[in-house]
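The values are calculated or read from the model by the stated rules, or taken from the named source; none is laboratory data. Since we're looking at a predicted model, the values are computed, not measured. Cβ atoms come from the backbone with ideal geometry, glycine included; neighbour counts cover every protein chain shown. Heavy atoms of the whole protein, side chains included, go into the accessibility calculation; ligands, DNA and RNA do not. Shrake-Rupley method; radii C 1.70, N 1.55, O 1.52, S 1.80 Å.
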Amino acid sequence: MNSNEAKKEKAIEALLREPNTAQAAKAAGISEATIHRYLKEPSFREAYKRTRAQLLDNTDHAVEHDHAGE
């Protein structure tokens, strides 16, 4: 993975953790303008959406598992 890909991966993680793009940029160590530039890239948007969907799917499965034991 090159450094640009690593920055984008870190940006995706930050976008999923932080409440807004300003805090995500700070957490990822990049500017907010860079976050917005990344979000305009179709490949970045797709990776973000895919990662977010996987996270939500995993959360749904964990909740279902927790409720199955009740």
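The residues of region 20-38 that are under 16 Å from residue 5 (Cβ atoms), part of a helix (DSSP H, G or I) and open to solvent by less than 70 Å² (accessible area, probe 1.4 Å), listed by number, are 28, 34, 35, 38. If you go through region 6-17 one residue at a time, do you hit one that is exposed (fewer than 11 other Cβ atoms within 10 Å of the Cβ) and either more than 12 Å from the chain's Cα centre (by Cα) or of a type in the set (S, T, N, Q) (or both)? Yes, region 6-17 has at least one match.
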